[in-house]
Amino acid sequence: MTVRAAVRLTSFVALAAALAAAAGGERRAPRAYAPEAASDDTLRARLVAARAEEGAGAHFLGTMVLGYLSEHGLPPVEGSLALSDTGLVFRSADGRDQRVLPVVGPLRRSAQGAWRASAVSLAYVDETTRHPAYLFRLDGGVFETDAPGALLDLAAHPAWLDSLTSREWSAERTLVGVSDTAAARSLVTTLMAGAYADSLYTIFGRPAYAAGLVGARGRAAGRLGEYVSSRDSLALDPARMTSVAQLRHTLAHELAHRWQARAGAQLAMLWQGIAPIRDPKRYGYGNAAEHQAEAAAFAVHFLLSTTGTASAADAAVEAATLDHYELLVPGTRTMARYFAMQPLFARHPLRSWLTTGRVAS
Ligand SMILES: [Zn+2]
């Protein structure tokens, strides 16, 4: 090990201890999910030139990085990432979610030798926040942290990564079979008749027609959901989604398009001065209408997942959480403030803080 590596390792041990202590106080974090997940474009191939560092990776095992994971474009979930010998283990702060993400791709052979693709790359550093935020691309998602520690080293793809037996990319199971129309219809019907859809209707209004399934054309265009304003109807494609969270997010997104079609002037006023989405791979990048629908869906998610905020201390934590939504999808805070004034959220514990900046005691 080089002196530099030894110094870095020491700081990781200290970081891991600090993070372990910080992780003691568990709290509820919003559940997430949504669109676009081309994991192949996170590939960063590298030929294995030197095996000298083999074994060095053992020192990194167990080191932990705290931050927020946004999978498939869904709102961020607070948690920790730890490197294990099988991959990157994500654990949500509320303990409800644990998953193993790949660190490297499958072993590939070429004329020049064997290589493995890296599954972790640094997308960008956002310096508009109080502490610089590091955005890493992982398999099917983005991880945001202000203390990147070992992730920076992983993103540099040290040679020892090639010796890991990390799990490989695998296709996630979808909610229903791709041709199981009956199951898809039943899922959509249940969703639209539930309390979640009712909440959304009070904010965005209710479409004139019952929700349908995305047709062959929409599917070919890769759409998970569609809203057609001339017919005031929407369609969803659960056969292309991997979680209920993704289905719920898509519904909020499509209903937000309904609101957009009817409250254009109001929305234009709210939207003044909102920065564009920074990540070119996030849905809504470079498209104001899609960006607004994402911000509205993020805002609704934030409000619905914080209805149980009990104390001023919790409220302070939620205030920080909203910053992480805002970082990924600017405009979320503005939308959350606006929706907090709607009758649906009249008794929301964060309403006063969102609308006046003061925490109600
Ligand atoms: Zn859309």
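Every number in this text was worked out from the coordinates using simple rules, so none of it is lab data. The shown structure was predicted, so the numbers you read here are calculated from the model rather than taken from an experiment. Here the Cβ is made from the backbone with ideal geometry for all residues, glycine too, and neighbour counts use every protein chain on show.
Annotation for GLN272 and ALA310: the two label points, set 7 Å from Cα along the Cα-Cβ direction, are 4.2 nm apart. Counting Lys and Arg as +1 and Asp and Glu as -1 over every other residue whose Cβ lies under 13 Å from the Cβ of ALA293, the net charge comes to -1. Packing, taken as the mean count of other beta carbons within 10 Å per residue, orders the peptides 127-133, 74-80 from highest to lowest as 74-80, 127-133. About the centre of its Cα atoms, the stretch 140-247 shows a dipole size close to 620 debye [charges on the beta carbon of Lys, Arg (+1) and Asp, Glu (-1) only; nearest 20 debye]. In this label model, ARG96 and TYR201 are separated by 2.4 nm, measuring between points 7 Å along each Cα→Cβ vector. Shown is the FRET efficiency for ALA265 and THR128, computed with R0 = 30 Å from the Cβ-Cβ distance and rounded to the nearest 0.05: 0.55.
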